[in-house]
Amino acid sequence: MQADRHPASRMQWLFGAIALPAGWRLGVGPIIAAIVLVAIVASALLAPLIVPHNPMTMDAVQRLKGPSETFPLGTDAYGRDVLSRVVTGGRISLLIGVGAAVVSVLIGLMIGLVSGFFRTADAVIMRVMDSLMAIPSILLAIALVALNGPSIWSVMAAITIPEIPRVVRLVRSVVLSAREEPYVEAAIALGSSMPKILWQHLMPNTLAPLTVQGTYICASAILTEAILSFLGAGVSTEIPTWGNIMAEGRVYFQLKPSLIFWPGLMLSLCILSINLLGDTARDVLDPRLKKREA
C-alpha cells in the first residue's frame with residue numbers, strides 16, 4: 001500500500017494540480033491572493049449581516065477600549081467598534097475601485113477603438129487625452145469636492161477621468177497593430193460595416209490587455225480613494241472607509257496605533273491580492289510568455 005503523503009507534499013500536490021486550460025499552473029501566491037481577495041469581498045458584501053455592532057453607533061463610555069469579547073479589535077475615539085468599521089469600510093473602498101475600473105475601461109475602449117481605426121479623428125482625440133492625463137487626480141478631487149461636496153461620485157469621477165486616457169492609449173496601440181492584419185483588410189474589402197469591424201474583428205484583440213489593465217486600475221483606485229479620504233478630500237467623514245478610519249485614528253496613533261494598523265492591513269492585503277492576480281492574468285494572457293514556457 002502506498003504510504004500517505006507528508007502534509008507538505010499534499011499541499012504541494014494540491015496547488016500543483018490546479019492547472020489552467022492552456023497548460024499554465026498556478027503557484028501558491030496567486031491562489032492565496034485569490035482566497036484573500038474573495039474573503040475581503042465576501043466580508044464587505046455581507047457586512048450588515050456579520051458585523052457584531054453598528055459601525056455608526058457611538059458610546060462615550062467605551063471609547064478607546066482594548067480588544068475584548070465584546071469588541072474583538074477594540075473601539076475608536078467615539079466608542080465605535082473597530083472591527084465593524086473596518087469590515088464595513090471595505091464596501092465603499094471596493095465599490096469605488098471596481099466602479100472606477102469598469103467605467104474607465106468601457107469609456108476608454110470605445111474611444112480607443114475610434115481613435116485607432118479612424119486616422120482623421122486620432123490626432124484630435126489623442127490631444128484631448130494628453131490634456132486629461134495632465135490633471136492630477138488629487139487636485140481634481142479637491143476641485144470636485146469644493147464644487148459638489150464630499151461624495152462617492154465626486155471621488156469616483158476624480159479617479160476615473162485621469163485613468164481613461166491610459167486605457168485609450170492602450171486600446172489605440174492594439175488597434176493600430178490589428179487593423180493592418182489581413183483579416184481586417186479582407187473585412188473592409190468585402191464591405192463590412194464599421195461597427196461590425198470594430199466590435200467583431202478589432203475589439204476581441206483588446207480584451208486580454210484590458211483585463212490586466214482593469215486590475216491595476218482597480219487597485220490604484222482603492223489606494224487613491226484611501227489617500228483622498230486620509231487628506232479630507234474624499235468621501236464624507238461620516239461614511240466608514242479605510243481611508244477615513246485611518247484619518248480619524250492618526251490623532252491617537254501614539255496612544256492606540258491599532259486604529260491605523262487594522263484598516264491599513266486590510267488595504268494592503270486587498271491591493272496586494274489584486275496586483276498579484278493582475279500579474280498572473282498578464283502572464284497567462286501574454287502569448288510571448290506562453291511560447292517561452294513551451
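So the values come out like this:
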quantity: Boolean, Leu272 is at pLDDT 90 or above, assigned to a helix (DSSP H, G or I), touching a Phe, Trp or Tyr at 6+ places or on another chain (Cβ under 8 Å) and under 25 Å from Gly232 (Cα atoms); calculated: no
quantity: Residue in region 233-246 that is farther than 27 Å from Phe71 by Cα and touching a helix residue (DSSP H, G or I) at 6+ places or on another chain (Cβ under 8 Å) present; calculated: yes
quantity: Residue match in region 175-187 (condition: under 18 Å from Ala101 (Cα atoms), over 15 Å from the mean Cα position of the chain (by Cα) and either modelled with pLDDT of 85 or more or not polar (S, T, N, Q) (or both)); calculated: no
quantity: Qualifying residue in region 142-159 (condition: at pLDDT below 90, of a type in the set (Val, Ile, Thr) and more than 17 Å from Val235 (Cβ to Cβ)); calculated: no
quantity: Out of Val102, Val87, sole residue that is farther than 30 Å from Val167 by Cβ, in contact (Cβ under 8 Å) with a residue 12 or more places away in the chain and aliphatic (A, V, I, L, M); calculated: Val87
quantity: Among the residues listed as Ala219, Ala141, Ala186, the single one being of a type in the set (Gly, Ala, Ser) and either surrounded by fewer than 18 Cβ atoms within 10 Å (Cβ to Cβ) or without any contact (Cβ under 8 Å) to a residue 60 or more places away in the chain (or both); calculated: Ala186
quantity: All positions within region 96-125 that are surrounded by fewer than 18 Cβ atoms within 10 Å (Cβ to Cβ) and farther than 18 Å from Leu207 by Cα; calculated: Phe118, Arg119, Thr120, Ala121, Asp122, Ala123, Val124
quantity: Filter pass, Gly90 being buried (at least 18 other Cβ atoms within 10 Å of the Cβ), within 19 Å of Leu198 (Cα to Cα) and not aromatic (Phe, Trp, Tyr); calculated: no
quantity: Failed item in (1) under 16 Å from the mean Cα position of the chain (by Cα); (2) surrounded by fewer than 22 Cβ atoms within 10 Å (Cβ to Cβ); (3) not aliphatic (A, V, I, L, M), with Ser273 passing the rest; calculated: (2)
quantity: Complete set of residues in region 60-84 that are free of Cβ contacts under 8 Å to residues at least 40 places away in the same chain, acidic (Asp, Glu) and surrounded by 14 or more Cβ atoms within 10 Å (Cβ to Cβ); calculated: Asp81
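Conditions (1) at pLDDT below 85; (2) surrounded by 12 or more Cβ atoms within 10 Å (Cβ to Cβ), marked per residue:
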| residue | (1), (2) |
| --- | --- |
| Met1 | yes, no |
| Gly23 | yes, no |
| Leu26 | yes, yes |
| Ile32 | no, yes |
| Leu37 | no, yes |
| Leu45 | no, yes |
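The values are calculated or read from the model by the stated rules, or taken from the named source; none is laboratory data. Owing to the predicted nature of the structure, the values given are computational and were not obtained by experimental measurement. Glycine gets a Cβ as well: all are built from the backbone with ideal geometry, and neighbour counts include every protein chain shown.
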